[in-house]
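What follows is calculated from the coordinates using simple rules that are stated; it is not laboratory data. If you're wondering where the values come from, they're calculated on a predicted model, not measured in any experiment. Counting neighbours? That spans all protein chains shown, and the Cβs are built from the backbone with ideal geometry, glycine included.
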Amino acid sequence: MSFSSIPFLSFLASFLTLYGFCPIRYRRYLLLFSSAVFVCLGSGRSFWWILCLTGANYFMGICISKTAYRKEATAVAVACNIIMLTAFKLSGNLPIGISYYSFAFMSYLVDISRGQCKPEYSVVRFANFSLFFPKLLMGPITRYSELGHQIDRPKPRVSGLQEGLESFMLGFVMKIFIADRLAIFWNELITIGISCLPAALAWLGAFGFSIQLFIEWQSYTLMAVGIAGCLGYQLPQNFNYPYLARSIGDFYRRWHITLGRWFKDYVYIPLGGSRQGTQRTVLNLLIVWLLTSLWHGLGWNYLFWGMSLGLFIVVEKLWLGPVLAEHKTLSHLWVLFLIPLTWVCFKIENIADLGVYFSRLFPFFGGEDVVGMNIFWRVLKKYAIYLTLGVLFCFPLPEKLVHRYGKTWIISILLAVLFWWAVYTLYRFGSNPMMYLNY
């Protein structure tokens with residue numbers, strides 16, 4: 001059940017009302033029940049799978065803590081999660097959220113093995129960690145050490161409730177009025193036909209999709225963090241305005257932070273990180289990006305996307321890093337030129353179509369401009385406002401203004417009006433599901 005849907009808004013309003021009146025000592029039970037209802041409303045089949053995986057990882061965590069063969073037991077437990085996740089990806093029929101909570105389970109098991117986390121014996125507390133609905137669909141990928149201790153001791157505050165509602169409303173407005181409009185923009189390019197696009201429109205499409213993807217993620221993150229804040233919980237940061245980055249490596253330190261942190265702590269560093277010489281560092285980076293590609297999907301386009309990023313980061317690490325650090329403008333142009341190209345690989349799954357699109361981006365390699373520039377100006381005029389708003393929200397200023405002046409009646413009224421207008425728009429025209437629900 002997407003956050004940008006009428007059923008979810010009804011669910012959330014009912015839940016927050018009940019949560020507010022519920023005695024504090026019973027809130028964790030209400031949270032667990034409501035999270036289970038949330039999963040069932042989205043997919044009954046997904047509920048049974050997450051229930052089984054929660055139970056399995058609960059018992060495996062206890063077993064790891066008690067056995068004298070921790071490393072071996074952890075390897076088996078992690079392998080079970082990987083096999084299950086891989087089987088679902090191969091089937092193409094993923095239970096909702098499985099890519100995210102599978103990684104959370106694996107980090108929990110490894111942290112127990114390392115002595116960084118104690119096993120959880122409370123079924124209710126562990127199930128709440130597993131099913132916590134604000135983070136269930138698209139993360140952030142939360143470690144047990146970050147959320148487990150909060151389950152029984154949330155810190156609800158009036159200011160937290162207000163800031164949480166502000167974040168949720170801002171994210172909802174961004175999703176409905178920017179991300180959904182830019183999704184229609186991309187669909188219009190597909191309708192025109194990618195083999196017919198003039199180069200200018202092909203580049204506009206690449207930039208437009210890059211903005212859409214970020215707004216999708218940022219809007220979901222704001223809604224998830226906002227809901228958690230209303231309940232008195234704190235989730236880790238997941239995005240830090242990546243289009244302000246000055247290198248591809250910096251971009252992915254800002255993009256999907258909890259996923260990058262997971263691969264760093266549980267793959268890159270155990271492989272040796274950058275401590276064993278240049279060749280081993282390059283190999284470790286490429287392994288991480290290969291696994292990142294496979295996490296997103298098993299198609300060739302994901303492999304091209306991930307491995308190209310890995311190669312760019314290697315080039316930066318070995319040669320370009322000092323140049324980019326010294327030349328601020330050049331470093332930003334480097335990111336803004338390459339990242340949209342990689343997102344095209346991410347978006348277009350068919351390899352033949354991907355080749356055609358790149359032939360339109362770089363028409364001097366072949367391809368004929370069929371529709372001419374008139375179509376470019378027509379499309380640009382139609383979507384200029386959404387592209388402009390998207391670019392604006394790639395900077396931290398709008399969010400900072402909302403949180404800084406959200407207590408003033410003018411901003412409060414404006415945000416409320418925009419939110420209810422977005423709800424009306426959602427009711428009339430519907431919304432695209434969150435893009436990353438498929439991963």
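Only helical DSSP H runs with n ≥ 4 go in: add -39500 (n - 2.57) per run for the chain, normalise by residue count and round the 222 nm mean residue ellipticity to 500 deg cm²/dmol.
Numbers: 21 runs with 309 residues, N = 439.
Helix-only estimate at 222 nm: -23000 deg cm²/dmol.
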Report summary line: GNM of the chain, Cα pairs under 10 angstrom: of VAL288, VAL76, VAL173, the biggest fluctuation goes to VAL76
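How high is the relative contact order of the chain, in percent, counting Cα pairs under 8 Å that sit 6 or more residues apart?
Numbers: 536 pairs, mean separation 90.7, N = 439.
Relative contact order here is 21 percent.
Placing +1 at every Lys and Arg Cβ and -1 at every Asp and Glu Cβ, with all other atoms neutral, what dipole size does the stretch 6-154 have around its Cα centre, in debye to the nearest 20?
Values: 14 positive and 5 negative charges, 42 e Å.
In debye, rounded to 20, the stretch 6-154 gives about 200.
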Query - Most to least packed among 152-161, 29-38 [average Cβ atoms within 10 Å] - result: 29-38, 152-161
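Of LYS135/LYS328; LYS328/LYS400; LYS135/LYS317; LYS135/LYS382; LYS347/LYS382; LYS347/LYS381, which ones are farther than 26 Å apart at the Cα?
Working: LYS135/LYS328 35 Å; LYS328/LYS400 24 Å; LYS135/LYS317 33 Å; LYS135/LYS382 35 Å; LYS347/LYS382 22 Å; LYS347/LYS381 24 Å.
Distance filter (> 26 Å) returns LYS135/LYS328; LYS135/LYS317; LYS135/LYS382.
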Report task. Return the long-range amide H neighbours of ILE141 (sequence gap of 5 or more, or a different chain), with a cut-off of under 5 Å between placed amide H atoms. Result -> THR258, LEU259
Report summary line: Any trypsin sites (Lys or Arg not before Pro) in the stretch 236-279 that lie in a DSSP loop and have at most 12 other Cβ atoms within 10 Å would be ARG275
Report task. In square nanometres and to one decimal, what's the mean projected area of the convex hull around the Cα atoms of the stretch 21-167? Result -> 9.4
**Report entry** In Hz, Karplus ³J(HN,Hα) per residue of the stretch 94-109 (6.51, -1.76, 1.60; θ = phi - 60°; x = Gly, Pro)
**Finding:** 7, x, 4, x, 5, 5, 8, 6, 5, 5, 5, 4, 5, 5, 4, 5
Query raised in the report: If the cut-off is a Cα-Cα distance under 21 Å, which lysines reach LYS407, setting aside same-chain residues fewer than 8 apart in sequence?
Result: LYS155
**Report entry** Dipole in debye (nearest 20) - the chain, about Cα centre, beta carbon charges: Lys, Arg +1; Asp, Glu -1
**Finding:** 1100
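Please identify every one of the chymotrypsin sites (Phe, Trp or Tyr not before Pro) in the stretch 79-122 that sits in a loop by DSSP and has no more than 13 other beta carbons within 10 Å of its own beta carbon. Walk me through the numbers on the way to the answer.
Working: sites: PHE88, TYR100, TYR101, PHE103, PHE105, TYR108, TYR121; in loops: TYR121.
When the chymotrypsin sites (Phe, Trp or Tyr not before Pro) of the stretch 79-122 are filtered for loop state and at most 13 Cβ neighbours within 10 Å, TYR121 remain.
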Query raised in the report: Scanning the chain for GluC sites (Glu not before Pro) in DSSP loops with at most 15 other Cβ atoms within 10 Å, what's the longest stretch left with none?
Result: 1-348
